[in-house]
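The structure appears right after this line, and notes come after that.
The values are calculated or read from the model by the stated rules, or taken from the named source; none is laboratory data. None of these values were measured; they are calculated from a predicted model. Please note: Cβ atoms are built from the backbone with ideal geometry, for glycine as well, and neighbour counts cover all protein chains shown. Heavy atoms of the whole protein, side chains included, go into the accessibility calculation; ligands, DNA and RNA do not. Shrake-Rupley method; radii C 1.70, N 1.55, O 1.52, S 1.80 Å.
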Amino acid sequence: MLRIKNSFIIVLTVVFTLVNACKDLDELNINPNGVDPEIADLNLLMPTIIVNVGQTVVSLGFGDIAGVMQHTQKDGWSGGHNSYDWDNLSQSWSGYYGILRNNSDFYKKAIEGDFEFHQGVALIMRAYTFGLITDLWGDAPYADALKAEQGEAYFKPVFDNQKEIYLGILEDLEMANTLLSKGRNEYHNINAGQDVLYGGDVTKWRKFANSLALRYYMRLSAKEPATAEQGIRKIASDPGKYPLITLASEDANIGYVGNSPSDSWPSTMAFNPDPSGTYMRLKICSTLVEALQELNDPRLGVWANKIEIPLVLVSGEGIDRVVDGRREISQDIVDQFEQSSNATINFHQEYVGLPPALFSAQLYNLNPNMDQGVYNPHCSHLSDFYKLSTHDLLRMRLMSAAEVHLILAEAALYGWAQGSPEEHYAAGIQQSFNSWGVGNAFSGYIGGAPYSGLESIIQQKWIASWTAAAEAWFDWRRTGYPDLKPGEAVKREALPLRFYYHYDNEIAKNPVNAEAAIQRLEPTQYKGSDASNNSAWSKIWVLQGTGKPY
């Protein structure tokens, strides 16, 4: 086991180096590290693709989408995170298509070598990456993408309708399930050490494929309920043909090596001890804290530190002092702060989250340190392991058993899957607890967090998506749950729905096709001053006509 673990660390170290040096292997004939995708063993390409996808998931789910979904907030340099201060230069899909180009080379090599395992993996990673693109932007190049080598006709590809992209993703995942349905000994050229996700375990990759298909069928449930029902029934009714991720031990997770900034958790302080760095300016959001407190949820103690100095209200006037590790303040001090900051003092003695989109967030809860992104003794910081480069709980979380069970809970609610919603709901929570090391607390928890319909399912999915918040965003758009309220310092009075098409990378280089896609977007009342339908507050196809989320 130690030898296997060490080989994974060596592979991940090399992979992170490759990823950092050259995000898109096709950008150069031979990349700086000597791996030309045209001649490289496909096993050398595989970990680079997987890690690229994993890093993308974390950059979204621990980055600005965690702010949108009120998992975290920043108290310094926070506009894109807290306030959705985005525009048509904020996000680009260039890196996503770089992953897809590398994956295309990987798939071609798998076809040429008749390596069915690798073909299945390539189809899954293609589906996952195109899924992110269409979930985030809407219509995008798909059928004609990745074909530039075929000539000038493909230099400016059409933006395919989102429906066609979703259906193509589901076709790829169906094909992957078939390719991965054989016995382990029937596959060739599997290098377990290069498979940084599942160590060459064919069955786990197959479960990943079907679990992703379940995700995307549910994504279509409000817009195309007949398609969603048919697909979910097909998968949920035949576990022999369509096995799923059902245990936390099968989660699609990737760890970190932690030898350099490029192969470490993004908030690590090991290589940048800046007291105003990523870790220090990032706080758990009060919306999540209060939801977890109401449920007496043990995951709160895993993800956040208790406050160092609780605030205590005492009688008298002009009192502001620290006594026995607690800061005593009188009502006049409270009134003065609340009137000047438009924020309410939080007297909780253990956990205090940062409210969403505050003006002057660095001053929250009478923080004596007034600089941006510094230590706040009266607000909960993230757990200490988020300062580290690597840790057992620091993972790139692509797909989980918790998500699968909670999808099945929703499907059972609609009559699309066997079993009761209550059973799948409880199983989802249990597997989330297992994944965060608090599995033994489940029996004492579930009675205080009973199933109560769709809102309870989506609330638990929102909680379970910690550090992978993009999936919670996509669920919120589809259902309106959880009922998140924007803070006072937001760009618009509603949560955003999509990323803007990037002007330089997506519009200026392909104006005719980009403009056609922009015309297909449906503006909402929150579009505001955006000059065209290319707004973060315009509805993509999958939301149009659903009445969701607003």
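Structure summary
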{"item": "DSSP bridge pairs, the chain: antiparallel proportion in percent, nearest 5", "result": "75 percent"}
{"item": "Stretchable slack from ARG321 to GLU423, in nm (0.36 nm times residue separation minus alpha-carbon distance)", "result": "31.6 nm"}
{"item": "Computed lengthening from ASP504 to ASP87, 0.36 nm per intervening residue step minus Cα-Cα distance", "result": "148.9 nm"}
{"item": "Alpha-carbon Debye profile of the chain, log10 I(q)/I(0) at 0.05, 0.08, 0.12 Å⁻¹", "result": "-0.21, -0.53, -1.23"}
{"item": "Portion, in percent, of the accessible area of the stretch 434-550 that falls on carbon or sulfur, probe 1.4 Å", "result": "48 percent"}
{"item": "Descending semi-axes in whole angstrom, ellipsoid equivalent of the stretch 356-444, from the Cα gyration tensor", "result": "37, 17, 13"}
{"item": "Solvent exposure, largest accessible area first (probe 1.4 Å, DNA, RNA and ligands not counted), of TYR375, TYR84", "result": "TYR375, TYR84"}
{"item": "Approximate shape of the stretch 101-252 as ellipsoid semi-axes (Cα gyration tensor, √5λ), whole Å, largest first", "result": "25, 23, 12"}
{"item": "Calculated P(r) tail over 16 Å for the stretch 366-417, as whole % of Cα pairs", "result": "67 percent"}
{"item": "Probe 1.4 Å, accessible area per residue of the chain, Å²", "result": "39 Å²"}
{"item": "Cβ-based net charge around ASP85, under 11 Å, with every Lys or Arg adding one and every Asp or Glu removing one", "result": "0"}
{"item": "Pairwise centroid distance, computed over Cα atoms, of the stretch 279-297 with the stretch 47-113, Å", "result": "24 Å"}
{"item": "Global size of the stretch 267-339 as Cα Rg and Dmax, reported in angstrom", "result": "16.2, 47"}
{"item": "Degrees between helix 162-179 axis and first principal axis of the chain (Cα, 0 to 90, nearest 10)", "result": "60 degrees"}
{"item": "Folded to 0 to 90 degrees: helix 286-295 orientation relative to the chain principal axis, Cα", "result": "90 degrees"}
{"item": "Cβ-placed point charges (K, R +1; D, E -1), dipole of the stretch 149-272 about Cα centre in debye, nearest 20", "result": "400 debye"}
{"item": "Charge dipole (the stretch 476-525, unit charges on Cβ, about Cα centre) - positive-most of PRO523, ALA494, TYR481", "result": "TYR481"}
{"item": "Solvent accessible area, Å² - TRP462, 1.4 Å probe, full protein context", "result": "10 Å²"}
{"item": "Accessible carbon and sulfur surface of the stretch 256-316 relative to its total accessible area, %, 1.4 Å", "result": "49 percent"}
{"item": "Rounded percent of accessible protein surface that carbon and sulfur make up, the stretch 39-181, 1.4 Å probe", "result": "51 percent"}
{"item": "Sum of -39500 (n - 2.57) over DSSP H runs of 4+, divided by residues of the chain (222 nm, nearest 500)", "result": "-13000 deg cm²/dmol"}
{"item": "Between helix 94-113 and the chain: long-axis angle, C-alpha atoms, 0 to 90°, nearest 10", "result": "30 degrees"}
{"item": "Net length gained if the chain between GLN336 and LYS163 were fully extended (0.36 nm per residue, minus Cα distance)", "result": "56.9 nm"}
{"item": "14 Å reach of a label modelled at ILE309, 7 Å along Cα-to-Cβ, counting backbone N of the stretch 346-367", "result": "364-367"}
